Every structure is written in structure tokens, then in C-alpha cells.
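Read through the structure below, which is laid out as C-alpha cells, and then see the notes.
What follows is calculated from the coordinates using simple rules that are stated; it is not laboratory data. These figures come from a predicted structure and were not determined experimentally. Counting neighbours? That spans all protein chains shown, and the Cβs are built from the backbone with ideal geometry, glycine included.
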Amino acid sequence: MDQEKLVLVDGNAILHRAYHALPELTTRNGEMVNAVYGFSLMILKIIEELNPQYLAVSFDTASPNFRHQEFVGYKANRPKMDLELANQIDRVHELVRAFNIPILEVDGYEADDVIGTLAKQAEKEKNLEVLIVTGDKDLMQLVSDKVKLYMPTRGLSEASEVGVKEVEEKLQISPQKVVDYKGLVGDQSDNYPGVPGIGPKTATDLLEKFGSIEGIYENLDQIQSKNIKEKLEQGKESAFISKKLARISIEAPVKLHLQKCLASDYDKKKVLALFKELNFRSLVARISGEEKKEDEKKEGDQQKLF
């Protein structure tokens with residue numbers, strides 16, 4: 001049996017990347033739509049190049065998640081979302097629905113957690129590989145023999161698959177140790193500190209030798225550098241909290257229903273109507289061209305019958 005493919009899209013990561021990668025783009029009515037346009041390009045790229053049998057998108061919800069309860073300062077230093085981007089979120093949801101793609105969200109959990117939970121459930125399915133479309137390196141912790149990331153590299157025009165080998169080459173650690181790595185070095189964008197003074201090189205060296213944060217603290221007496229040992233001792237509580245914050249939950253209250261994620265042919269007339277409303281002329285031509293090719297193929301097939 002041929003292997004099937006489930007593509008899970010990290011909606012927030014792609015939305016932000018589209019907004020920042022593309023110049024200002026407005027409709028004739030003055031509506032800002034650069035993020036919507038970029039998101040449209042990514043959806044078309046996924047459908048045409050990845051050709052998944054199953055497809056779903058997850059977005060963060062407005063409600064706080066469990067990490068805010070664990071650590072008051074979680075993401076506290078993030079600037080407020082640009083109004084020009086916030087105003088495009090409903091349009092992006094409209095776009096996803098027009099493509100007949102399910103939107104999976106759970107209050108109290110981030111999109112990462114929903115995707116992580118679904119990816120781990122999908123690992124148990126036979127003949128199914130998972131591709132997570134994201135620009136967020138945190139999701140490298142989910143990579144396995146059956147789960148890969150599909151990460152944009154140049155704006156949105158190019159992307160590459162990231163598997164176990166690529167994670168190890170990039171971070172010098174296995175995917176399983178990403179949360180330990182983040183626990184040591186912290187994450188400025190999410191505003192958790194890690195162990196002050198411990199940088200990437202020291203973190204990878206420590207993890208190579210001791211395997212995990214737990215292993216490091218069980219063997220502090222084996223660390224030769226007095227300076228590193230002192231930093232670890234002073235930052236112990238922070239290390240464990242940071243690791244907890246970095247870990248993507250694989251126990252969000254969501255179930256994988258593959259039949260609900262079927263990447264069936266979308267209603268091109270509905271997508272065309274939306275593209276025309278948004279003045280996406282190049283995408284209208286692209287979809288119209290596909291429709292014309294399909295109509296010509298159907299006519300050809302019919303002629304063969306007579």
C-alpha cells in the first residue's frame with residue numbers, strides 16, 4: 001500500500017510569516033490583504049506540490065493557555081500584534097474554509113499543542129507520514145521517523161523538509177533533546193529565561209554528555225568548570241520551568257479524524273469568488289487555468305467514450 005500523507009499547518013506561524021514577508025497589498029476598497037495573499041500562496045503550494053491525502057490547519061485561540069498559569073511572564077515581552085495583521089485573521093479563516101480545510105482549535109492550548117497531539121496520534125497510523133508546515137523551530141521536538149517539518153526558507157517562495165537528520169545537523173542534538181536545549185538556553189521570544197549564562201554551545205555539550213536536564217543535575221559533581229557549575233546551581237529552578245514551558249503538549253483534548261481531514265477537491269468557484277473579491281488577479285488566473293485544463297481533460301475523456 002502506498003504511503004499516505006497528512007499535512008498539518010501551523011496557521012499562526014504561516015500567517016505571521018506571510019505578513020512580514022510580503023509588502024503592503026490592499027484591495028480596491030483599501031483592505032490590507034498581504035497576509036491573506038501569502039497564506040493563499042502557501043495553501044496552493046501545499047495542495048499542488050505536497051499533494052496530501054489529508055490536510056488541516058490549526059490556529060491559536062484568544063484564551064490564555066496552560067503556560068500562562070505555569071509562568072506569569074510567558075510571552076509577556078511580545079509586542080502587540082499589528083492591527084493590520086489582526087484585521088486579516090478573519091479573512092484567512094474565510095480562505096481556509098473556502099478551500100474546504102478543517103480548522104482545529106482548542107481553548108487553553110496553543111496551535112503547537114493541537115498539532116503535536118494530532119501528529120503523535122498520526123504516528124500510530126500505518127502507511128501515514130506527517131508533514132507539519134511551520135516556520136517555528138520549536139516544533140523540531142516533534143520530528144521523528146514518521147513526522148517531518150516543512151519550513152519556508154525564503155519568504156514563502158521556497159521551503160524544505162526537516163527530518164531527524166536535519167535537526168541534528170542544525171542544532172547538534174536529537175529532536176528528543178530540543179526541550180532540554182530550550183530549558184537551558186531559554187527563549188527570548190516566548191520570554192522564559194533558561195539558565196542565565198548558558199549558551200547554545202555549552203547546552204549542546206552538556207546534553208551530549210548527560211542526555212537531559214535531569215541527567216545534568218544528577219551529575220553536577222562531574223562538571224569540571226566551576227563557572228558553569230555555579231550558573232547551573234543558581235538557575236536550577238529556571239531550567240526545569242523553562243523545559244516545561246518549551247515542551248509541546250501531546251495531550252490536548254483533540255482527536256484525529258482522518259476522514260474529516262480529507263483533502264478532497266475544493267469548490268474552485270467559491271475560491272475564485274473570494275480571490276476576485278480580494279483582487280488577487282494572478283491567483284484568479286492560476287485557478288481559472290486549472291479549471292480550464294480540467295474541463296479540457298473531461299471533454300477529452302468523454303470523446304474517448306464515443
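So who's got an amide H within less than 5 Å of the one on Leu25, skipping anything under 5 residues away but keeping other chains? H placed 1.01 Å off N, in plane.
Here Val33, Asn34 satisfy the definition.
For Ala159, enumerate residues with amide H under 5 Å from its amide H, sequence gap 5+ or separate chain, H modeled in the peptide plane.
Thr153
Find how much the distance from Lys80 to Leu258 grows on full extension, using 0.36 nm per residue of separation minus their present alpha carbon separation; answer in nm with one decimal.
Values: separation 178, 0.36 × 178 = 64.08 nm, distance 3.54 nm.
Between Lys80 and Leu258, full extension yields 60.5 nm more.
Would you kindly derive the ³J(HN,Hα) couplings of segment 173-178 from the backbone phi angles with the Karplus curve 6.51 cos²θ - 1.76 cosθ + 1.60 (θ = phi - 60°), listing them in order in whole Hz, with x for Gly and Pro?
Using θ = phi - 60°, the values come out as 9, 7, x, 5, 9, 4 Hz.
Give me the angle, in degrees from 0 to 90, between the Cα long axis of helix 236-246 and the longest principal axis of the Cα atoms of the chain, rounded to the nearest 10.
Helix 236-246 sits at roughly 10 degrees to that axis.
Along the Cα-to-C-beta direction of Lys209, a point sits 7 Å from the Cα; which residues of segment 160-202 have their amide N less than 12 Å from that point?
Backbone N within reach: 202.
Quick one: longest stretch of the chain between exposed loop GluC sites (Glu not before Pro), exposed meaning at most 11 other C-beta atoms within 10 Å and loop per DSSP? Don't skip to the end; give the middle numbers.
On the way: sites that count: Glu24, Glu251.
Excluding the exposed sites themselves, the longest stretch runs over 25-250.
So what are the ³J(HN,Hα) numbers for segment 123-138, from phi and the Karplus equation (6.51, -1.76, 1.60; θ = phi - 60°), rounded to whole Hz, Gly and Pro as x?
4, 7, 7, 6, 6, 10, 9, 10, 10, 9, 8, 7, x, 9, 5, 4
Please state, to two decimals, what the Cα-based radius of gyration of segment 107-246 comes to when divided by 2.2 N^0.38 Å (N = residues). Display every interim value, and only then the final one.
Working: Rg = 16.3 Å, N = 140, 2.2 N^0.38 = 14.4 Å.
Ratio of Rg to 2.2 N^0.38 Å for segment 107-246: 1.13.
Could you give the length gained on full extension between Arg281 and Ser160, defined as 0.36 nm per residue of separation minus the Cα-Cα distance, in nm?
Numbers: separation 121, 0.36 × 121 = 43.56 nm, distance 2.76 nm.
Length gained, Arg281 through Ser160: 40.8 nm.
How high is the relative contact order of segment 175-246, in percent, counting Cα pairs under 8 Å that sit 6 or more residues apart?
Relative contact order of segment 175-246: 45 percent.
Please pull out the direction-averaged projected area of segment 175-246, using the convex hull of its alpha-carbon atoms, in nm² to one decimal place.
Numbers: hull surface 16.9 nm².
Averaged projected area of segment 175-246's Cα convex hull equals 4.2 nm².
Setting aside same-chain residues fewer than 8 positions from Lys209, which lysines have a Cα under 19 Å from its Cα?
Candidates past the 8-residue exclusion: Lys170, Lys177, Lys182, Lys201, Lys226, Lys229, Lys231, Lys236, Lys243.
Any idea what the alpha-carbon Rg over 2.2 N^0.38 Å comes to for the chain?
For the chain, the normalised Cα radius of gyration is 1.14.
Could you tell me which trypsin sites (Lys or Arg not before Pro) in segment 153-258 are loop residues by DSSP with no more than 11 other beta carbons within 10 angstrom of their beta carbon?
Values: sites: Arg154, Lys165, Lys170, Lys177, Lys182, Lys201, Lys209, Lys226, Lys229, Lys231, Lys236, Lys243, Lys244, Arg247, Lys255; in loops: Arg247, Lys255.
Sites meeting the loop and neighbour criteria: Lys255.
Calculate one ³J(HN,Hα) per residue across segment 272-289 by plugging θ = phi - 60° into the Karplus curve 6.51 cos²θ - 1.76 cosθ + 1.60, and present them in order as whole Hz with x for glycine and proline.
4, 4, 5, 4, 5, 4, 8, 6, 8, 4, 5, 6, 4, 5, 5, 5, 4, x
What residues have an amide H closer than 5 Å to that of Val7, excluding those fewer than 5 places away on the same chain, when H is modeled at 1.01 Å from N in the peptide plane?
Tyr54, Leu55, Ala56, Leu131
Can you figure out the FRET efficiency of Glu125 with Glu31, using R₀ = 41 Å and their beta-carbon distance, to the nearest 0.05? Intermediate results must be reported in sequence, preceding the final value.
Working: r = 41 Å, r/R0 = 0.99.
Here the calculated transfer efficiency is 0.50.
Working from Cα positions, state the angle (0 to 90°, nearest 10) between the long axis of helix 11-21 and the longest principal axis of the chain.
Roughly 80 degrees, rounded to the nearest 10.
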